[in-house]
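The structure under discussion appears below in the form of structure tokens.
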Amino acid sequence: MDIINQFFSLNIIINEPTVWKSLLAMVISLVLSLIITKVYQMTFTGERYSQSFVHTIIIMSVIVSVVMNVVSGNSGVAFGLFAVFSLIRFRSAVTDAKDISYIFFGLCVGMTCGLFKFDLAIILTILGSLIFYLLHKFNYGKGKDMQILKVTVPENLNHENLLDDIFSEYTESHQLRQVETTNLGTMILYTYAIRSKNATKDKELLDRIRERNANLKVSLTFLDNIE
């Protein structure tokens, strides 16, 4: 029994954080977070790239590694620190849901390094980066967003089922949202909410509609672009 107690006591001493081990954890988390942010830059597809967001991932990863050194073995300090972190908010909203996963990716790597599980942190970084890259490379889960289609039709060509066959060929779903007259009542403007099929080309859809509405104005807008 004494031998077992001495073994566990020795194990606690070996795993006890030291300045040098904490410094090593910070360096490794820094290197791994640089790899993560490099993958982020390679797979970025949003509209607003933020250099400060990249810096944030790196800094948070390093800081969290130190935090884990501080809270390891002290539940009271852990709850206190997590209460402080719960008050932190990003000053700008995260516009891309994928950005949130990169934040947690960097945090998890920093936490793992802070617990001195360097081999696990390296495996997590390699595997996670590979998953992000392959999902981006093969465009996995791609789908069409909802779009707003506006079609101007001459009053003499107007009838309910004018575009039904085109919609069945090029869209997964469509819904008439609004009907209004324009140009002193000589034209009718239809507004549809549509979701195109994955194989649908926007120009091809517009060309088919123009053949049907006497080549009058047709517009296609993504919902994200509507103000």
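If R0 is 41 Å, the Cβ-Cβ spacing of residue 41 and residue 182 corresponds to a FRET efficiency of close to 0.35.
Amide H contacts of residue 171 (H built 1.01 Å from N, in plane; Pro and chain starts excluded): 197 sit under 5 Å, all sequence-distant by 5 or more or on other chains. Computing FRET efficiency as 1/(1 + (r/R0)^6) for residue 34 and residue 118, where r is the C-beta to C-beta distance and R0 is 25 Å, gives about 0.95. The label-point distance for residue 166 and residue 19, in a model that sets each label 7 Å from Cα toward Cβ, rounds to 7.5 nm. Note on residue 216 and residue 131: the extension gain reaches 26.0 nm, defined as 0.36 nm multiplied by sequence separation minus the Cα-Cα distance. Each of residue 159 and residue 140 was given a label point 7 Å from its Cα along the Cα-to-Cβ line. The distance between the two points is 4.9 nm. For the pair residue 206 and residue 97 in one chain, pulling the backbone fully straight at 0.36 nm per residue adds 36.2 nm over the alpha carbon distance. For the residue pairs 117/137; 98/197; 38/142; 142/217; 98/201; 150/217, the C-alpha atoms sit more than 20 angstrom apart in 117/137; 98/197; 38/142; 142/217; 98/201.
Given a Förster distance of 30 angstrom, what is the FRET efficiency for residue 50 paired with residue 70, based on the Cβ-Cβ distance and rounded to 0.05? It comes out at approximately 0.55.
Read the figures in this text as sums done on the coordinates, not as results from a lab. Just so you know, these numbers come straight off a predicted model, no measurement behind them. Neighbour counts are summed over all protein chains in view; Cβ atoms, including those assigned to glycine, are modelled from backbone coordinates with ideal geometry.
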